[in-house]
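Student: Sharing a structure here in structure tokens format.
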Amino acid sequence: MLRNFLKTFQETVYNERYSTRGALQQVDPRVKLLSIAALVVSAVAVRTITPLLILLMTAFAFCASSRIPLGFFFLRTTIFIPIFAGVISLPLPFITPGVALVSLEYGNLAVTITSEGLYRATQFTLRVWACVALSVLLILTTRFSKFIEAMEHLRFPRILVTMTAVTYRFIFLFINEAYRMALARESRIIKRLRWRENVKSLANMIATLFIRAHERGEKVYLAMIARGHSGTLRSLHIMKCTKKDWGFATISILICLAMLSVEYLRLGV
């Protein structure tokens with residue numbers, strides 16, 4: 001079971017399979033990063049549902065143009081964070097004052113669901129969903145190496161760029177290490193263990209993995225220092241913006257303006 005979980009987690013983290021084909025894959029990663037960041041900021045700025053629905057439809061349209069399976073993208077953007085956001089916003093219909101839609105009474109206890117609270121819960125969930133969908137779209141359509149290069153060219157803090165690059169690369173190393181440890185543990189077990197013994201064994205394995213991670217990190221740091229690493233990630237690839245890049249940036253800006261216009265002109269709900 002643990003081995004299956006590790007394999008599933010590795011497949012979830014690995015995002016290179018869709019990063020070579022499609023429309024968004026051909027866009028300069030710097031332009032893509034800034035454009036999607038602008039869309040996310042617009043999603044945070046609006047306070048009505050209609051602009052968020054426009055942004056969600058835009059995300060799924062970008063997904064279709066990028067040749068990413070819509071079913072895979074839908075599950076990827078709804079399984080974790082949006083469902084969690086829905087659970088967080090669940091109390092809002094009950095605690096927000098407003099026009100009562102449903103009122104239930106049981107003895108001295110009265111529960112009321114208001115339209116304003118239901119609206120706020122829907123708004124919060126859609127906002128989180130839109131931001132997550134755009135972030136996942138950026139990750140799926142961009143090779144990680146290109147993403148790091150874009151961060152470097154956009155003058156992100158060097159420590160942030162370095163830590164992001166090292167963390168992503170070492171995730172798979174430690175997943176494989178944990179997989180081998182789980183496989184070795186299962187090969188030594190003859191009978192089925194009790195749940196307490198399973199928890200104890202899992203805790204020991206996690207502690208051992210943390211120790212190995214610390215040791216590996218120290219070795220890699222010393223190796224980088226010995227090879228003269230100065231904190232700058234160098235690349236021979238030269239990034240140049242083309243007409244497609246400017247076209248995508250223009251489309252993103254127009255979508256942001258459309259969202260803000262719908263919001264402040266009160267054209268939607």
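The values are calculated or read from the model by the stated rules, or taken from the named source; none is laboratory data. Worth saying up front: this structure is predicted, and the values here are computed from it rather than measured. Glycine also receives a Cβ, built like all others from the backbone with ideal geometry; neighbour counts cover every protein chain displayed.
Student: Search segment 62-81 for residues that are closer than 19 Å to Gln26 by Cβ and pair each with any residue that is among the aromatic types (Phe, Trp, Tyr) and surrounded by 14 or more Cβ atoms within 10 Å (Cβ to Cβ) when their beta-carbon atoms are under 8 Å apart and the residues are at least 6 apart or on different chains.
Tutor: From residues that are closer than 19 Å to Gln26 by Cβ, the pairs are Cys63/Phe73; Ser66/Tyr18; Arg67/Tyr18; Ile68/Tyr18; Phe73/Phe60.
Student: How many of the residues in segment 202-217 are over 19 Å from Tyr168 (Cβ atoms) and not small (Gly, Ala, Ser)?
Tutor: Qualifying residue count for the region: 7.
Student: Another one. Being assigned to a loop (DSSP other than H, G, I, E, B) and on the phi < 0 side of the Ramachandran plot is the filter here; which residues of segment 90-118 pass it?
Tutor: Leu90, Pro91, Thr96, Pro97, Val99, Asn108
Student: What is the residue count in segment 23-35 for residues that are in contact with a Phe, Trp or Tyr (Cβ under 9 Å, 6 or more places away or on another chain) and surrounded by 17 or more Cβ atoms within 10 Å (Cβ to Cβ)?
Tutor: 9
Student: Considering every residue within segment 191-212, establish whether at least one is modelled with pLDDT under 75, surrounded by 11 or more Cβ atoms within 10 Å (Cβ to Cβ) and among the charged types (D, E, K, R).
Tutor: The answer is yes; a qualifying residue exists.
Student: Also: Given segment 119-234, what helices (runs of 4 or more DSSP H) lie entirely inside it while holding 3 or more residues that are touching a helix residue (DSSP H, G or I) at 6+ places or on another chain (Cβ under 6 Å), small (Gly, Ala, Ser) and farther than 30 Å from Ile49 by Cα?
Tutor: 158-187
Student: State which residue is modelled with the lowest pLDDT when the search covers only segment 232-260 and only residues that are under 25 Å from Pro157 (Cβ atoms) and exposed (fewer than 12 other Cβ atoms within 10 Å of the Cβ).
Tutor: Checked segment 232-260; the qualifying residue modelled with the lowest pLDDT is Leu236.
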